[in-house]
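These notes concern the structure reproduced below.
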Amino acid sequence: MIKAQRGTKDILPEDILTWQHIEKTARELFQNANYKEIRTPIFEGTELFKRGVGDSTDIVNKEMYTFSVGGVNKDENSITLRPENTAGVVRAYIEHGFSRLSAPVKLWYFGPMFRYERPQKGRQRQFHQIGIEMFGVENPSADAEVISLAMKFLSKMGVLGLSAEINSLGCPKCRDEYKARIKEVLKPYLGELCEDCKVRYDKNPLRMLDCKDENCIKIFDDEKIKNVILSDFICEECKEHYENVKKYLDVLNISYSENKMLVRGLDYYNRTVFEIKSDALGSQSAVAGGGRYDGLVSMLGGEKTPAVGFALGVERLFELIKHKEIQKLDYFIVSNIQDVAIETVQMLRDKGFSADFDFQNRKFAKQMEKAGKIANKAVIIGEDEIKGKYYTVKNLTTGEQIKTETL
Ligand code: HAM
């Protein structure tokens, strides 16, 4: 038997109502906050992610679905299924000259992403994200809006009691000094670090703080090292920005905690980063994450443009709200007079009702049983109804039955 690929899932009819509800809630909330939907292709040139997400990240190094397609120069034709959508949205922003529009340019999206990760609960190879990106505003009020919309969306979906974890990664200048200090204090332990961290040590030392290797975690827990990691390294301007983000979050009544170890798994961030986690999700606890990326637009060839955004994992959200409902039909026709049943179904559908009938013309009791399972009301049409020119309509929830000439 051919089965779905490891790490992919069919979204079945029993779950689709919840998915549609998630999408509808997102559309309403983001449109209400003046975000416009954007749909970008699911594959992009590989270079976009190497440069955009960063080639020292696990996403780019280990998790990309990359293909070489046709052509003589295979590298030029290398494409990758998008592992995330910020880079693609930035590419579209530059390509369509959105910097000409009056700032802020606010965009939202919903779609599948692809990461070649080891599948486990909450971690798939094809998963979906809902996200927003706001371009053109350096002011910390933009960071606060993005974090508050992520929280608002979760509360609208009925996920309550979550709090955001926030941190500031500073700007390239203050962060470089911080990286140098971390490298210095870790130098004597270099031989003991895991293979990944040995590479991160040179390429991107902050990423080490995200390491899940037990031995590395133990090393980082050493008091001397911890003091450096937890030190206040951000410069005055970054500090002021961060303080204001927190002030606006307080104004908006958003609960948050500060986590100095929060570095995120993508390279483009500066200043504010955040994640929203839920214990109910187990080890893959982050339901949403995001932050500020003021350098990405210019790094990908556009004008210098501040930007901030977040993305939320829809499968993880689904786990948190999980309520399976089958959408019931408005009417099910119960009749052994097939031509009348067909005609009545057509008439009801034309009027905008959802309706169906028993194609196999089974016994009355069987049809009634089916109606009870899949519809709100049964329209019964037997010899008496035909003779008397009326319908018998049974409300399948209350059991109430009426005679009516029109439906
Ligand atoms: P991210 O933290 O890599 O950020 O992903 C955002 C969310 O996508 C995660 O919090 C998680 O819920 C979900 N997710 C990620 N990987 C998987 C997976 N393998 N299976 C299931 N769910 C997953 C980004 O992607 C950034 N682009 C967010 C952003 C937007 N930053 C600024 N703007």
*the chain - accessible surface per residue (Å², probe 1.4 Å)*: 52 Å²
_Interatomic Cα distance distribution for the stretch 193-239, bins of 5 angstrom, percent_ = 5, 21, 25, 23, 14, 8, 4, 0
*Amide H neighbours of Lys277 under 5 Å, at least 5 residues apart or on other chains, H built in the peptide plane: list them.*
Ser163, Glu165, Val287
_For Gly170, what residues show an amide H to amide H distance below 5 Å, using hydrogens built from the backbone and excluding near sequence neighbours?_
Arg271
*asked:* Please enumerate, by chain and number, the lysines with C-alpha under 28 Å from the C-alpha of Lys363, excluding those fewer than 8 residues away in the same chain.
replied: Lys328, Lys351, Lys373, Lys377, Lys387, Lys389, Lys394, Lys403
*How much solvent-accessible surface does His128 expose, in Å² to the nearest 10, with a 1.4 Å probe and all protein chains in place?*
30 Å²
*Applying the Karplus parametrisation 6.51 cos²θ - 1.76 cosθ + 1.60 with θ = phi - 60° to the phi angles of the stretch 211-216, what ³J(HN,Hα) value in whole Hz is obtained for each residue in order, glycine and proline being reported as x?*
5, 9, 5, 4, 5, 4
*In units of 2.2 N^0.38 Å, what is the alpha-carbon radius of gyration of the stretch 243-293?*
1.22
_Alpha carbon centroid spacing (whole Å) that separates the stretch 289-315 from the stretch 131-178_ = 11 Å
_Length-normalised contact order for the stretch 234-308 - Cα pairs under 8 Å, 6+ apart - percent_ = 21 percent
*Considering the chain as a Gaussian network with a 10 Å cut-off on Cα pairs, which listed residue, Tyr269, Tyr390, Tyr331, attains the greatest mean-square fluctuation?*
Tyr390
_Positive minus negative residues near Met64 (Lys, Arg vs Asp, Glu; Cβ under 12 Å)_ = -2
*For the stretch 190-273, what mean projected area does the convex hull of the alpha carbons give, in nm²?*
6.6 nm²
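State the dimensionless ratio Rg/Rh of the stretch 148-214 (Rg: radius of gyration of Cα atoms; Rh: Kirkwood radius). Please report the intermediate quantities before stating the final value.
Values: Rg = 17.1 Å, Rh = 14.5 Å.
Radius of gyration relative to Kirkwood radius: 1.18.
Average the reciprocal distances over every distinct pair of alpha-carbons in the stretch 295-343, invert the result, and give the Kirkwood radius in Å. Before the final figure, lay out the partial values.
Details: mean 1/r = 0.0589 Å⁻¹.
Radius from the Kirkwood sum: 17.0 Å.
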*Could you tell me the convex hull volume per residue, in Å³, taken over the Cα atoms of the stretch 1-82?*
167 Å³
*For the stretch 25-146, what is the Kirkwood estimate of the hydrodynamic radius, computed as the reciprocal of the mean inverse distance between distinct Cα atoms, to one decimal in Å?*
15.8 Å
*Counting only residues 5 or more places away or on other chains, whose amide H sits under 5 Å from the amide H of Tyr391 once H atoms are built in the peptide plane?*
Thr404, Glu405
*Bin all alpha-carbon pair distances of the stretch 61-218 at 10 Å intervals from 0 and give each bin's fraction as a whole percent.*
8, 22, 33, 29, 8, 0
*the chain, dipole about Cα centre (Lys/Arg Cβ +1, Asp/Glu Cβ -1), debye to the nearest 20*: 600 debye
*What share of all Cα pairs of the stretch 102-185, in percent, falls into each consecutive 5 Å distance bin?*
3, 10, 13, 15, 17, 18, 15, 8, 2, 0
*Alpha carbon centre of the stretch 348-366 versus the stretch 213-276: separation in Å?*
59 Å
*Value of D in µm² per second that Stokes-Einstein yields for the stretch 278-372, Kirkwood Rh from Cα pairs, at 25 °C (0.890 mPa s)*: 132 µm²/s
*Using a 1.4 angstrom probe on heavy atoms only, work out the carbon and sulfur share of the accessible area of the chain in %.*
49 percent
*Within the stretch 171-214, whose backbone N sits under 14 Å from a point 7 Å along Cα→Cβ of Asp55?*
203-204
_In Hz, Karplus ³J(HN,Hα) per residue of the stretch 59-67 (6.51, -1.76, 1.60; θ = phi - 60°; x = Gly, Pro)_ = 4, 7, 6, 10, 10, 8, 8, 10, 10
*Solvent exposure, largest accessible area first (probe 1.4 Å, DNA, RNA and ligands not counted), of Ser168, Ser257*: Ser257, Ser168
*asked:* Over the Cα atoms, compute the radius of gyration (one decimal) and Dmax (the largest Cα-Cα distance, rounded to a whole number) for the chain, in Å.
replied: 27.4, 96
_For q = 0.25, 0.33 Å⁻¹, Debye-computed log10 I/I(0) when each Cα of the stretch 31-70 counts as one equal scatterer_ = -0.86, -1.16
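Report, in deg cm²/dmol and to the nearest 500, the calculated mean residue ellipticity at 222 nm for the chain, where each DSSP H run with n ≥ 4 adds -39500 (n - 2.57) and the sum is divided by the residue count. Mind showing how you got there, number by number?
Working: 15 runs with 155 residues, N = 407.
The helix contribution divided over the chain gives -11500 deg cm²/dmol.
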*Only bridges with both residues in the chain count here: give the DSSP antiparallel percent, nearest 5.*
75 percent
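For the stretch 269-407, what is the relative contact order in percent, using Cα pairs closer than 8 Å and at least 6 residues apart in sequence?
RCO, the stretch 269-407: 16 percent.
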*Are there any helices in the chain, counted as whole DSSP H runs, that stretch 15 Å or more along their axis by Cα and score at least -1.0 on average by Kyte-Doolittle, and if so which?*
13-32, 140-156, 338-350, 364-374
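The values are calculated or read from the model by the stated rules, or taken from the named source; none is laboratory data. What you are looking at is a predicted structure, and each value in this text was computed from that prediction instead of being measured. For neighbour counting, all protein chains shown are included, and Cβ atoms are generated from backbone atoms with ideal geometry for every residue, glycine included. The protein model used for the area step is the full one, side chains on, heavy atoms only, and it has no ligands, DNA or RNA in it. Shrake-Rupley method; radii C 1.70, N 1.55, O 1.52, S 1.80 Å.
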